[in-house]
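A short write-up of the structure that comes next.
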Amino acid sequence: MIWSGPGWYRILKREPCSPVYRPDAMLDMADLPIARREIFAGKGYLLTNTLQTTRGCPFDCEFCSVTAFYGRKYRERPVEQVLAELEVLCKQNSFAFFVDDNLVANRRYALSLFSAMKGMGFKWLSHAPIDFAGDPELMRAAGESGCIGMFVGFESLNQESLVAMGKVTNQATSYLEQAKVFRDHGIGILGSFVLGSDGDTPAIFEPILRFCEAARIEAAIFPILTPYPGTKVRERLETEGRITSNDWRDYDMGHVNFIPRGMSAAELQAGHDWLNRSFYSFSSMYRRIFKLHRSVQVFAPMNFGFRSAIRRTAKVMV
């Protein structure tokens, strides 16, 4: 075996290694390498047609690790490179997932990409803020290019909580109408609701479920607020002495690792577990997804997959 690289050289020379390595500058998106998808062959992965076109996010929500990892400066990969990669991917699978944290932050770039993708035959998913619904031209272009689903961070039904966490794109009173706009353009929603903000009490769980059913949110996750390193919420909770665990096994967004304000840790954990079970019950799934819509082809299997995972987790915990 041949070892190379500065890290191994330091070991040979017994030079001290740094606990943190930081680049001098962010990677130029034109230099982003194409993933070696051939290493996934025969390993049972559901979808390997994943790609990234942008990095960074212009927003800086308190709980989010994106800006800590990729920065706030939004950077785009040349559209021509993305299209070339898509041409290769379409030979393998007609589905694609853009792992961008906010695919539509640069409207001009997104519109250019969607217009170029029209007619390629892809069915694709990505991430977008809920106020994407307020741009009919861009949303229509996304739908016509094959978008069938978006991950959308609703985060809370409480506007005060949204303000506190820095979620400036969200107006809770508009959620129902905005969700309908997504659906009218053939775009399903994988929603996200962060549980455990300081304004949350045990009374939040059932209204979230009822909203999701009324809005026909096709799928959702309900992460417990998790103070990841580099986030503002971790800095705040550390200052307030409210973090109760630094065991990274508890940092899966399914365990409480801090002291909540509006309820006990046990109440937060119980509410999270109840909300997941209830949302992925057969009755709720029927209310939300068993109606003709082009996104059902993705979201119906997703619901059954989440349901199975939740039931397996519950058995392990018991």
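The values are calculated or read from the model by the stated rules, or taken from the named source; none is laboratory data. If you're wondering where the values come from, they're calculated on a predicted model, not measured in any experiment. So basically every Cβ, Gly included, is an ideal-geometry build from the backbone, and we count neighbours across all protein chains shown. Accessible surface is based on the protein model in full, side chains and every heavy atom, while ligands, DNA and RNA are left aside. Shrake-Rupley method; radii C 1.70, N 1.55, O 1.52, S 1.80 Å.
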Inset, instruction - Could you tell me which of the residues Ile310, Ile208 is part of a helix (DSSP H, G or I) and modelled with pLDDT under 95? - result: Ile310
Legend entry - Given (1) open to solvent by 40 Å² or more (accessible area, probe 1.4 Å); (2) assigned to a loop (DSSP other than H, G, I, E, B); (3) modelled with pLDDT of 95 or more, index of the condition Ile217 fails: (1)
Inset, instruction - Look at region 123-137 and say how many of its residues are open to solvent by 10 Å² or more (accessible area, probe 1.4 Å) and within 19 Å of Arg77 (Cα to Cα). - result: 2
Inset, instruction - Show the residue pairs that are 6+ apart or on different chains and have beta-carbon atoms under 6 Å apart, the first residue being within region 139-153 and under 13 Å from Lys118 (Cα atoms), the second being part of a helix (DSSP H, G or I) and open to solvent by less than 10 Å² (accessible area, probe 1.4 Å). - result: Ala141/Phe114; Ala142/Phe114; Ser145/Phe114; Ser145/Met117
Inset, instruction - Look at Phe114 and say whether it is closer than 26 Å to Ile221 by Cβ and either over 22 Å from the mean Cα position of the chain (by Cα) or open to solvent by less than 40 Å² (accessible area, probe 1.4 Å) (or both). - result: yes
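Kindly provide the set of residues from region 282-306 that are assigned to a loop (DSSP other than H, G, I, E, B) and open to solvent by 30 Å² or more (accessible area, probe 1.4 Å), ordered by number.
Filtering region 282-306 for residues assigned to a loop (DSSP other than H, G, I, E, B) gives 290-295.
Within region 282-306, Phe290, Lys291, Leu292, His293, Arg294 qualify.
Listed here are the residues, each with its yes/no results for (1) at pLDDT 80 or above; (2) surrounded by fewer than 16 Cβ atoms within 10 Å (Cβ to Cβ); (3) of a type in the set (D, E, K, R).
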residue: Gly5; (1), (2), (3): no, yes, no
residue: Trp8; (1), (2), (3): no, yes, no
residue: Ile11; (1), (2), (3): no, yes, no
residue: Val20; (1), (2), (3): no, yes, no
residue: Leu32; (1), (2), (3): yes, no, no
residue: Phe40; (1), (2), (3): yes, yes, no
residue: Gly56; (1), (2), (3): yes, no, no
residue: Glu76; (1), (2), (3): yes, no, yes
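Go over the candidates Val168, Val181 one by one and state the one that is part of a loop (DSSP other than H, G, I, E, B), among the β-branched types (Val, Ile, Thr) and touching a residue at least 12 places away in the same chain (Cβ under 8 Å). Spell out how you get there, then give the answer.
On the way: Val181 fails: part of a loop (DSSP other than H, G, I, E, B).
Sole residue among the options that is part of a loop (DSSP other than H, G, I, E, B), among the β-branched types (Val, Ile, Thr) and touching a residue at least 12 places away in the same chain (Cβ under 8 Å): Val168.
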Inset, instruction - Write out, first by first residue and then by second, each pair whose Cβ atoms fall under 8 Å of each other, whose residues are 6+ apart or on separate chains, and whose first residue, in region 64-84, is at positive phi while the second is surrounded by fewer than 13 Cβ atoms within 10 Å (Cβ to Cβ). - result: Gly71/Met26
Inset, instruction - Return the pairs, sorted by first residue and then second, in which the second residue is outside any loop (DSSP other than H, G, I, E, B) and open to solvent by 20 Å² or more (accessible area, probe 1.4 Å), the first residue lies in region 242-265 and is within 11 Å of Pro227 (Cα to Cα), the beta carbons are less than 6 Å apart, and the residues are 6+ apart or on different chains. - result: Val256/Ala265; Val256/Gln269; Asn257/Asp250; Phe258/Ile243
Legend entry - Enumeration of residues in region 227-245 that are assigned to a loop (DSSP other than H, G, I, E, B), under 23 Å from the mean Cα position of the chain (by Cα) and either at pLDDT 95 or above or surrounded by 14 or more Cβ atoms within 10 Å (Cβ to Cβ) (or both): Pro227, Tyr228, Thr231
Legend entry - Residues of region 138-197 satisfying the condition of being closer than 23 Å to Val99 by Cα, acidic (Asp, Glu) and either open to solvent by 20 Å² or more (accessible area, probe 1.4 Å) or more than 16 Å from the chain's Cα centre (by Cα) (or both): Glu144
Inset, instruction - Starting from region 25-38, keep only residues that are of a type in the set (Val, Ile, Thr), then list their pairs with residues that are open to solvent by less than 70 Å² (accessible area, probe 1.4 Å) whose Cβ atoms are within a distance under 6 Å, requiring at least 6 positions of separation or different chains. - result: Ile34/Glu85
Inset, instruction - Among the residues of region 78-113, count how many are assigned to a loop (DSSP other than H, G, I, E, B) and more than 13 Å from Gly146 (Cα to Cα). - result: 12
